[in-house]
Every structure is written in C-alpha cells, then in structure tokens.
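One structure below.
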Amino acid sequence: MKGKKWYDYLWIGELCYLVLGLFNILFAWLGMLFFTIPLVIAIFGGSKAYCNRYCGRGQLLGILGKKLKLSRNQPPPRFLRSAWFRYGFLAFFMFMFGRMLYGTWKVFTGAPLSKTVTLLWAFKLPWQWPQVEGVAPWVAQYAFGFFGVMLTSTILGLLTMMLFRPRSWCVYCPMGTMTQGICRLKAKKEEAKDGRTGEEDCRTAQAAGQ
C-alpha cells in the first residue's frame, strides 16, 4: 500500500506473539524484545522512536480503535497523564515484575513449577496444557510469569482503548515512562553541553493518547 513502511506492520508481530503464547508458553520469552529494544533505542538514540514508530501494541490499539471503531475516542482523564500516576504505576509495575522474578528464583532453587498465568496481578488462571518438558523448570516458570505480565498490560491497553482514545495506553505505559525518563536525562545532558533542548521527541508518544 502506498505510503506504508515496513514498521507499519509490526502490529502483526504483536498479535502473533499473543496467539503463539496461548499454544506454547515458551514463546513468552520473545516478549523480552518488547522490553529491551525500547530501552536500547532510548539509551543510545536518546529518543522514543520505538514508542512513536515501532510499537506493535500501539499500532494494534490504533487499528482496533480507529479502523474498527471500538474506541469511544474520548480524551483520557487527567490523572492518567499526571506524573504521579505514571511514575506510581511504573513503580507498582516494577514491584510486581520483581515478584515474578522472585517466583522464578524459587523454582530455580527447587520449588515446584506453577503452571498458572496471573492476570491483572490477582487472577491466577490454570495453564495446564502447554508442554514444557525439555527445558529447565525455571525457564518455564519465567515464561508463565512474563506471559501474565504481557497479557495484563494488553488487557489494560484494550480497556483504556475502548473507554478513551485508541492509544490511551501510551499515556501511562511503563516502558514509555521509562524511555521518556531516559531521553529527558539525555536531553538535559546535551542541553548542558551546547544549550540545546531535545525533549520534543520524548513527548510525541504521550501526545498520541491525549
């Protein structure tokens, strides 16, 4: 299609990731790419290019909300855009991620594997059908935990997409908050060097949800 770039189709990868994880939990490890790539781009590039251009989840929410008209297309409430909420949600998200890592460590040290996926940090769903033989139990445990994290964030994204604007998730996405903080620090460092400001690119992804 005219005007389309290769990265405009990354939403397919996001969708495939979610589907593959339902059939083989070990595919959840691929989600680490969604964690590391944005940070690498922010650290070495000093921008939120991943959020603004390469985020498959943001693209998928845009398609569902705009093209399929599943969004009310209302501005998100102010508290979602506030610094206290965004950084508070990031802290909570990282705390729960740390608990997931602790659970993986317990399995690594001999605790039994728990074949459950936790949604919204509260609801444990039995996930008995995946075959995890042939890998270390802690590898499978991390996959169960990480897939729960990815499904939880997807559910939150879908809920805010339906209630507000399609990409309202981008306003308070933990990865977006982290990369924004990184590129702001780099912008201040550059500004201290030559007097320039460089925060414009840091604000673009948030503006998409406002």
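The values are calculated or read from the model by the stated rules, or taken from the named source; none is laboratory data. Bear in mind the structure is a predicted one, so any value in this text is a computation, not a measurement. Backbone-built Cβ (ideal geometry, glycine too); neighbour counts: all protein chains shown.
Return yes when LYS69 is charged (D, E, K, R) and under 21 Å from the mean Cα position of the chain (by Cα) and no when it is not. Spell out the reasoning first.
On the way: charged (D, E, K, R): yes; under 21 Å from the mean Cα position of the chain (by Cα): no.
So LYS69 does not fit the description; no.
Would you point out which residue out of ARG99, ARG57, ARG78 is of a type in the set (Lys, Arg) and in contact (Cβ under 8 Å) with a residue 12 or more places away in the chain? Walk me through how you get there before you give the answer.
On the way: ARG99 fails: in contact (Cβ under 8 Å) with a residue 12 or more places away in the chain; ARG78 fails: in contact (Cβ under 8 Å) with a residue 12 or more places away in the chain.
On inspection, the qualifying residue turns out to be ARG57.
Do we have THR118 as among the polar types (S, T, N, Q), under 30 Å from LEU68 (Cβ atoms), in contact with a Lys or Arg (Cβ under 9 Å, 6 or more places away or on another chain) and touching a residue at least 40 places away in the same chain (Cβ under 8 Å) here? No, not satisfied. Kindly provide the set of residues from region 161-174 that are buried (at least 24 other Cβ atoms within 10 Å of the Cβ) and not charged (D, E, K, R), ordered by number. Those that are buried (at least 24 other Cβ atoms within 10 Å of the Cβ) and not charged (D, E, K, R): MET161, PRO166, SER168, TRP169, CYS170, VAL171, TYR172, CYS173.
For PHE23, the conditions (1) hydrophobic (A, V, I, L, M, F, W, C); (2) in contact with a helix residue (DSSP H, G or I) (Cβ under 9 Å, 6 or more places away or on another chain); (3) modelled with pLDDT under 95 all hold with the exception of (2).
Can you tell me which residues in region 154-186 are touching a Phe, Trp or Tyr at 6+ places or on another chain (Cβ under 8 Å) and not hydrophobic (A, V, I, L, M, F, W, C)? Of everything in region 154-186, those that are touching a Phe, Trp or Tyr at 6+ places or on another chain (Cβ under 8 Å) and not hydrophobic (A, V, I, L, M, F, W, C) turn out to be GLY157, THR160, TYR172, PRO174, THR177, THR179.
Collect the residues in region 15-39 that are closer than 12 Å to MET178 by Cβ and surrounded by fewer than 17 Cβ atoms within 10 Å (Cβ to Cβ), keeping them in residue-number order. Step through it out loud before you land on a result.
Of region 15-39, the ones closer than 12 Å to MET178 by Cβ are 35-36, 38-39.
Those that are closer than 12 Å to MET178 by Cβ and surrounded by fewer than 17 Cβ atoms within 10 Å (Cβ to Cβ): PHE35, THR36, LEU39.
Every residue in region 109-141 that is among the small types (Gly, Ala, Ser), part of a loop (DSSP other than H, G, I, E, B) and touching a helix residue (DSSP H, G or I) at 6+ places or on another chain (Cβ under 7 Å), please. Passing the criteria: only SER114.
On inspection, CYS170 qualifies as assigned to a helix (DSSP H, G or I) and either without any contact (Cβ under 8 Å) to a residue 40 or more places away in the chain or within 23 Å of ARG72 (Cα to Cα) (or both).
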